[in-house]
Each structure stands twice: as structure tokens, then as C-alpha cells.
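Chemist: Handing you this structure, nothing more for now.
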Amino acid sequence: MNISGNQKALMMKGKMDAQFDRKGVLIGLFSGGTWGINNVVLGIALTLVPALGDDAALYALPLAAACMNDTLAGLWLLIYNGWGGRLQEIVRSLKTIPGLMVCVAALLGGPVANCGYLLGISMAGPAYALTITALYPVVGAILSRIFLKQHILPRVWAGMLLSVIGALVISYVPPEGTASDNFYLGLLFASLAAFGWGAEAVLAVFGMSMIDPKVAINIRELTSGLCIAIFILPFVGGWAVISQVVVVPGAIGTFAIAALAAGVSYLAWYTANSKCGVAKGMALNGTYVMWGVILSVLFMSAELTKNLAIGSFLVLIGATLVAINPKEFFNKGGEA
């Protein structure tokens with residue numbers, strides 16, 4: 001049977017699309033793994049900071065850590081973009097409406113979400129905070145329905161329900177020895193992080209329609225770090241914490257490694273989005289919950305309780321259902 005030139009071209013295109021999609025899946029998984037590494041290395045870095053008072057350890061330290069994480073990640077990305085000759089594009093993008101939209105998204109994803117994320121880690125523990133923040137696809141779906149008028153499918157509602165149940169399972173019994181007030185306050189801050197990241201994703205849809213994702217991510221990280229440094233740290237004694245951290249080579253080096261993992265994770269996430277679609281990219285990046293819990297248990301001696309294991313599994317499955325259609329996930333070129 002003879003195959004026409006058009007049929008051959010379509011077959012070749014289908015093969016290339018499938019390979020493109022598989023690469024996106026692998027890169028998406030890598031983005032989730034590197035974000036899990038960021039959480040664990042940040043937890044290690046926090047233990048290297050010199051002893052502080054109770055109030056400073058509770059508030060100033062995690063907020064200073066959020067500032068250093070975003071600022072250092074922004075500097076890593078600045079080096080990367082400088083190497084690629086994109087520095088002028090960063091400056092040019094800041095003068096445009098899409099660039100300003102990215103800055104607003106950065107405020108939600110940085111000062112709001114990252115500070116909540118670090119405060120959640122400090123008060124409720126890394127594994128618990130990681131799992132709660134995995135609700136950000138749920139938040140993104142709800143905000144998309146409200147502001148973008150996107151229809152929410154039954155499977156998305158089912159995913160959100162599973163995620164909420166998982167969060168309740170996690171927070172039902174705090175770990176032994178944890179002050180209940182701080183524990184639940186930590187869960188509240190982690191929930192704030194989920195809101196910030198979900199809202200950031202909605203705004204980023206507008207901003208990145210005309211800006212290179214590599215440039216947008218750099219703007220996002222630097223905007224977040226600078227805003228935390230200028231508008232938040234002076235009011236919580238955060239600069240005093242940073243002044244102690246920078247004189248400890250092991251601590252500042254560990255923060256730099258954590259920030260490198262964060263920058264790599266963001267780059268991988270947006271690369272995956274461009275290769276296999278935003279929905280799959282979100283779901284694959286969301287595997288950071290699993291990697292974070294595993295790494296916390298292996299390297300930070302975190303206790304893998306039954307509640308944490310079951311709740312993490314439910315949130316992961318729920319977030320996946322929100323982001324993608326399982327029936328279409330393995331179809332070549334399928335959109336979720």
C-alpha cells in the first residue's frame with residue numbers, strides 16, 4: 001500500500017510530537033524532584049543558623065530564609081540569562097504590561113506564598129507544609145473558574161474533594177511534642193502559600209503570553225526577593241538574622257544550593273509546560289509532595305506517620321485529578 005507524502009509527513013509529525021511529549025514528562029518529573037530537594041536543603045540550612053530567640057526563630061528566620069531563597073534563585077537565573085544574552089530582554093519586559101503582570105504574580109507567589117511556605121515549614125514541619133501547599137492546583141482551578149470563566153469538570157471537583165480530605169487527614173493529629181497552636185498556625189500559613197501559588201499561576205497566564213518564560217521566571221524571583229527584603233524583613237528583625245547567616249560559610253552555602261535547586265525547578269517546570277502542556281506540567285511538578293516527604297524521612301529523620309502517608313497520597317491523587325484527565329494523560333499529544 002502506497003503512502004502519500006502528506007501521510008508520511010503526518011506520521012513523522014506524530015512521532016516527533018510523541019517524543020516531545022515524553023521529554024516534557026521527564027522534565028516535569030525532574031522539576032518536582034528538584035523542588036522537593038529545595039525543601040529538604042532549606043530545612044537543613046535552617047538548622048545551621050546560629051541559635052536565635054524564640055520569636056526570631058518562629059518568624060524572622062523563616063522569612064529571612066524565604067528572602068534568601070528567592071533572591072539567590074533570582075541571581076542564579078540572572079547568571080543563566082546573562083549567559084544566554086537575555087539581560088536586555090529582562091529590562092525591556094519590565095516596561096511592558098505583561099511584565100508588570102508577572103511582577104504582580106511574583107508578589108503573590110513570593111512574599112505571600114513563599115513566606116507562608118517557610119512559616120509553615122517552621123511551625124508545622126516540612127512534610128506537613130509540603131503536602132498542604134500541594135493544594136495550589138485546586139486554588140488555581142477555582143480562581144480560573146471565577147476570573148477566567150473556565151468550566152470545572154466533575155473529575156476536577158472530585159480531585160479537589162480528595163485534596164481537602166487529604167489535608168484534613170494530615171492535620172487531624174499533630175505530631176507528638178509539637179505545640180498545637182503553632183502546628184495549626186503553620187498549616188494556616190501553608191494554606192496561604194497554596195492560595196498565593198494558585199493565584200500566581202492565573203496571573204502568569206496573562207503575563208507570559210508575550211514574555212519568554214526564562215525571563216519571566218527571573219523577574220518573578222528577583223521581584224519576590226527584593227520585596228521581602230525591603231517591605232517585610234525590617235519589621236520582623238529579618239536583617240539581623242541574615243547578618244548572622246552570611247558569616248557562617250556552611251549556612252550561606254547551603255542556602256545557595258537550595259536556591260539553585262529552586263531556580264532549576266522553575267526552569268524545568270516551564271520547559272515541561274512548553275513540551276507537554278501546562279496541565280501535565282502542573283501535575284508532574286506536583287510530585288514534589290511525594291519527593292519532599294520521601295527525602296524528609298530519609299535525610300531529616302522525619303517520622304512517616306500513617307496520617308501523613310495517607311494524607312499525602314490523597315492530596316497527590318487529588319491534585320493530579322485537578323490538573324489532568326487520567327484517560328488522556330498517556331495519549332499522544334492529548335490535552336488535559
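Where a number appears in this text, it was derived from the coordinates with a stated rule and is not lab data. Note that the structure is a prediction, hence the values are computed from the model and not measured. Cβ atoms come from the backbone with ideal geometry, glycine included; neighbour counts cover every protein chain shown.
Chemist: Tabulate in residue order the Karplus-calculated ³J(HN,Hα) for region 264-271, using 6.51 cos²θ - 1.76 cosθ + 1.60 with θ = phi - 60°, rounded to whole Hz; enter x for Gly and Pro.
Modeler: 5, 4, 4, 4, 5, 4, 6, 5
Chemist: Eight or more residues apart or on different chains, and alpha-carbon atoms under 27 Å: count the Lys pairs in region 24-329 matching that. Don't skip to the end; give the middle numbers.
Modeler: Details: Lys95/Lys214; Lys149/Lys275; Lys149/Lys280; Lys149/Lys327; Lys214/Lys275; Lys214/Lys280; Lys275/Lys327; Lys280/Lys327.
Close lysine pairs found across region 24-329: 8.
Chemist: Still on this structure, I have one more. Can you run phi through the Karplus equation (6.51, -1.76, 1.60; θ = phi - 60°) for region 304-313 and list ³J(HN,Hα) in whole Hz, with x for Gly and Pro?
Modeler: Rounded to whole hertz, the list is 8, 6, 5, 4, 5, 5, 5, x, 4, 5.
Chemist: Beta carbons within 10 angstrom, averaged per residue: use that to sort the peptides 223-231, 119-127, 311-319, highest first.
Modeler: Working: 223-231: 20.0, 119-127: 25.3, 311-319: 23.2.
Top of the packing list down: 119-127, 311-319, 223-231.
Chemist: Rounded to whole Hz and in sequence order, give me ³J(HN,Hα) for region 112-117 from the Karplus expression 6.51 cos²θ - 1.76 cosθ + 1.60, θ = phi - 60°, writing x for Gly and Pro.
Modeler: Couplings: 7, 6, 5, 5, x, 4 Hz.
Chemist: Could you give me D for region 24-329, from Stokes-Einstein at 25 °C and 0.890 mPa s, where the hydrodynamic radius is the Kirkwood radius over C-alpha pairs? Units µm² s⁻¹, please.
Modeler: On the way: Rh = 19.1 Å.
Approximately 128 µm²/s, per Stokes-Einstein.
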